[in-house]
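Submitted below is the structure of interest, expressed as structure tokens.
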Amino acid sequence: MATTTVTTYLCIGCPLGCRLEVEHDGPDIVEVRGFGCKIGKRFAEQEHTAPTRMVTTTVRVKGGVWARLPVKTEEPVPKDKVLELTDLLHTIEVSAPVKMGTVILENALGTGVNVIATRDVEARPA
Amino acid sequence: MTTATMPVLKHEAYDVVIVGGGPAGLAAALGAREGGAERILVVDREPEAGGILWQCIHAGFGLHHFKEELTGPEYATRFLRMVEEAGIEIATNSYVLDIAPDRTVTIMSGEGGLREVPAKAVVLAMGARERTRGAIRTAGTRPAGVFTAGLAQKFTNMLGYLPGKRVVILGSGDIGLIMARRLTLEGAEVLGVFEIMPYANGLNRNIVQCLHDFDIPLHLSTTVAEIHGRERVEAVTVAPVDENLRPILDKGWRIECDTLLLAIGLIPENELSQRLNLRLDPVTGGPVVNSAMETSVDGIFACGNVVHIHDLVDFVTQEALLAGRCAGEFARGQRRPKDNIKLVPGRNVRYTVPHSISSEREHTIYMRVREPMERCVLRLGEVYQKRLRYVVPGEMVTLKVKPEFLENFHGDSLLVEVVERGDA
Ligand SMILES: Cc1cc2nc3c(=O)[nH]c(=O)nc-3n(C[C@H](O)[C@H](O)[C@H](O)COP(=O)(O)OP(=O)(O)OC[C@H]3O[C@@H](n4cnc5c(N)ncnc54)[C@H](O)[C@@H]3O)c2cc1C
Ligand code: SF4
């Protein structure tokens, strides 16, 4: 019989914060335990197999009223790409003026997700 | 974006003047228009209205109000556009110095100088300020490198300065957790988040996505006992606390770091409220308000963080729309009938807003509990009760009160309490 491992997660569905236990054999889930409701079960399955995160950070703006432009991924991206993506975004510089919704990075790291500006930044008056 | 300054006001006098242009002030302006006010002025000391939202670049805003998850700047932009489309005047770079009880508002701006603007109604929406080191009395030296978390957030997200490289965070509310992730993504090392209470104050979502994702430790029932360093922070001593929340020094340990972030809470910005001699609630630190969000001085309304600290901007918006609408009506000479029922906080309820209600209208009551509780009942005197699966101090509890609940009630006060089921 194959040996199974248990990984625990904290459910983010509500303040009860159930401790979710995923018993698994490698990537295959054998059983999920510890959830108080089905949101927790689904969350554990998702976190275990394909966790994703929204990424929000800033990029540099040249000539803007502010030094930084806030940006976000339009959709959540795989969790293991978060650090690589922010490192990449921190190398980018855009020029003011910038409009909210402008695509700052297309198809980020091949995820198919765009990174967009989340505000306008006007040019600094000369 | 409205960075243009408008020192020259369009009118000599206004129906409604709103002090502060954060989410509360902007929604109050829209509410005032709904209430029938024509001449509405929003005054903000910053170069652009929008308040604290510009620096809150993370997602988590607007799920209730817009039914989608926005970042702070997106939420601010949407409201600014609505206010601009409604033709409401915003004076930025303008500081409200004083409000007289007759509702004359004294505004100072660089280019416009000092002006006295009469208003038929005033809405206070000045937001909150962060608690600083004085509030916790940490021992040790006073070196540079100790920041409030909100200031560090503005530095990082808007000005592009990283406050430090090796960071310790005191306080596990959402602001502390969000900054732990933010500074990590910017390349700083966050050595731990320390919380004096036995439970975390922030959302579980932030505990997972801001701490667990980056292996940042969270230490409960632990505080920063001492700060070391001459010019710049060199280290802090952290220690577990006893049941009176006093650090047990001989169990403490030292952490080498260059920065300490204080995320130890917000308090209503109440300088103007104090000058006006408004009745304040010692628990919230903000003015006592009735069900029209009117303070103890006629025609002066208040909403948002200046009244009580909100964790969700959506509730700020809701409360501010009401305050604005009532201010607009007041400016047109319409008054709502007086409240006839006082709300009294009872077991496990720290405070309620509003502080009173009327049996003739529907109300939303906001409240905060003292401690976490599961499987409990929220009771409004003997007239109504509602089961709750859980309550936590970090999340505001809301209760809709319908006139039907109060049909057979003839008293003048109601006890509001949250008790365990079975204790009821
Ligand atoms: C770090 C952080 C993270 C948060 N995260 C979330 C989240 O994820 N989701 C969510 O829904 N909510 C979140 N919130 C809460 C939400 O942002 C606040 O509740 C909301 O911004 C409060 O709005 P306000 O208008 O009352 O105050 P503010 O936004 O503080 O606005 C007050 C305004 O008044 C102006 N002002 C003050 N005094 C004067 C004066 N004398 N004259 C002229 N102008 C004046 C100020 O310049 C400011 O612009 C967060 C808050 C913080 C601090
Ligand atoms: S499993 Fe259900 S009850 Fe438990 S924390 Fe998650 S959402 Fe809440």
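Give me the distance in nm between label points sitting 7 Å out from Cα along the Cα-to-Cβ direction at A:I92 and A:I39, one decimal.
Going by the 7 Å Cα→Cβ label model, 3.2 nm.
To continue, here is another question. What residues have an amide H closer than 5 Å to that of B:V117, excluding those fewer than 5 places away on the same chain, when H is modeled at 1.01 Å from N in the peptide plane?
The answer is B:V105, B:T106, B:I107.
If you count the DSSP beta bridges with both ends in segment B:132-264, what percent of them are antiparallel, to the nearest 5?
On the way: 11 of 28 bridges.
Roughly 40 percent of the DSSP beta bridges within segment B:132-264 come out antiparallel.
Could you work out the relative contact order of segment B:1-116, using alpha carbon pairs under 8 angstrom and six or more residues apart, expressed as a whole percent? Please report the intermediate quantities before stating the final value.
Numbers: 213 pairs, mean separation 34.0, N = 116.
Here the relative contact order equals 29 percent.
On to the next question. Subtract the Cα-Cα distance of B:R375 and B:K400 from 0.36 nm times their separation in residues, and report this length gain in nm to one decimal.
7.1 nm
Considering only the protein assembly as shown, what is the antiparallel percent among its DSSP beta bridges, to the nearest 5?
Taking every DSSP beta bridge within the protein assembly as shown, about 65 percent pair in antiparallel fashion.
For a Förster distance of 56 Å, can you work out the FRET efficiency between the beta-carbons of B:A139 and B:N340, rounded to the nearest 0.05?
0.65
How far is helix A:38-49 tilted, in degrees, relative to the longest principal axis of the Cα atoms in chain A, given as a value from 0 to 90 rounded to the nearest 10?
Computed tilt is about 70 degrees.
On average, how many beta carbons from a partner chain sit within 10 Å of the beta carbon of a residue in B:185-197?
1
Starting from the Cα-Cα distance between B:K386 and B:L97, subtract it from 0.36 nm times their residue separation and give me the gain in nm to one decimal.
Fully extending the segment from B:K386 to B:L97 adds 99.6 nm.
With a sphere of radius 10 Å drawn around the Cβ of B:A188, what net charge do the other residues whose Cβ falls strictly inside it have (Lys, Arg +1; Asp, Glu -1)?
Charge balance near B:A188 sits at 0.
Next up: From the square roots a ≥ b ≥ c of the eigenvalues of the alpha-carbon gyration tensor of segment B:341-423, which class results: rounded (a/c under 1.5), prolate (a/b over b/c), or oblate?
Taking the square roots of the gyration eigenvalues as a ≥ b ≥ c, segment B:341-423 is prolate.
When only C-alpha pairs under 8 Å and at least 6 residues apart count, what is the relative contact order of chain B, in percent?
16
Could you compute the net charge surrounding B:N201? Neighbours are other residues with a C-beta less than 9 Å from the C-beta of B:N201; K and R count +1, D and E count -1.
Within the 9 Å Cβ shell, the charges total -2.
Now for a different question. Measuring from label point to label point, each 7 Å out along Cα→Cβ, what is the A:D28 to A:R60 span in nm?
If labels sit at A:D28 and A:R60, their model points lie 5.1 nm apart.
Here is the link list: A:K72/B:K67; B:K342/B:K400; A:K79/A:K99; A:K72/A:K99; B:K120/B:K400; A:K41/A:K79. Which ones come out longer than 22 Å on Cα distance?
Table pairs above 22 Å Cα-Cα are A:K79/A:K99; B:K120/B:K400.
Need one number: nm distance between label points at B:R361 and B:R230, each 7 Å from Cα along Cα→Cβ, rounded to one decimal.
6.2
Find how many whole Å separate the alpha carbon centroid of segment B:61-87 from the alpha carbon centroid of segment B:151-173.
25
Is the shape of segment B:132-264 best called rounded, prolate or oblate, per the rule: a/c under 1.5 gives rounded, else a/b larger than b/c gives prolate, else oblate, with a ≥ b ≥ c the square roots of the Cα gyration tensor eigenvalues?
Judged from the Cα gyration tensor, segment B:132-264 comes out oblate (a/c at least 1.5, b/c at or above a/b).
Take the Cα radius of gyration of chain A and divide it by 2.2 N^0.38 Å, with N its residue count; two decimals is plenty. Numbers along the way, then the final one.
Values: Rg = 19.7 Å, N = 126, 2.2 N^0.38 = 13.8 Å.
Its radius of gyration relative to the 2.2 N^0.38 Å reference: 1.43.
Where the Cα atoms of segment B:335-376 are projected onto their three principal axes, how long is each span, largest first, in whole Å?
Largest first, segment B:335-376 extends 39, 15, 12 Å along its Cα principal axes.
Continuing with the same structure: Net charge near B:V8, counting Lys/Arg +1 and Asp/Glu -1 over other residues with Cβ under 11 Å of its Cβ?
Net of charged neighbours comes to 0.
Could you give me the radius of gyration and the Dmax of chain B, taking only the C-alpha atoms into account and expressing both in angstrom?
Here Rg and the maximum Cα pair distance are 22.3, 67 Å.
HN-Hα J couplings of segment B:36-48 from phi, Karplus 6.51/-1.76/1.60, θ = phi - 60°, integer Hz, Gly and Pro as x?
x, 6, 9, 8, 10, 10, 9, 10, 9, 6, 7, x, 9
Would you mind calculating the relative contact order of segment A:56-117 from Cα pairs under 8 angstrom and at least 6 residues apart, reporting the percent as a whole number?
The value is 39 percent.
Can you tell me the FRET efficiency between B:Q274 and B:E116 if r is taken as the Cβ-Cβ distance and R0 is 25 Å, rounded to the nearest 0.05?
About 0.80, to the nearest 0.05.
Check the straight Cα-Cα distances from B:K402 and name the aspartates and glutamates below 13 Å, setting aside those fewer than 8 residues away within the same chain.
Output for B:K402: B:E360, B:E362.
Rounded if a/c is under 1.5, else prolate if a/b beats b/c, else oblate: with a ≥ b ≥ c from the C-alpha gyration tensor eigenvalues square-rooted, which is segment B:168-243?
Details: a/c = 2.41, a/b = 1.15, b/c = 2.09.
Judged from the Cα gyration tensor, segment B:168-243 comes out oblate (a/c at least 1.5, b/c at or above a/b).
On to the next question. Would you order B:M82, A:M54 from fewest to most other beta-carbon atoms within 10 Å of each residue's own beta-carbon? It would help to have the intermediate numbers written out before the result.
Details: B:M82 15, A:M54 18.
Ranking B:M82, A:M54 by Cβ neighbours within 10 Å, fewest first, gives B:M82, A:M54.
Bear in mind that the values in this text are calculations on the coordinates, not laboratory data. Keep in mind that what you see is a predicted model, and the values were worked out from it rather than measured. Note that we place each Cβ from the backbone using ideal geometry, even for glycine, and neighbour counts take in every protein chain shown.
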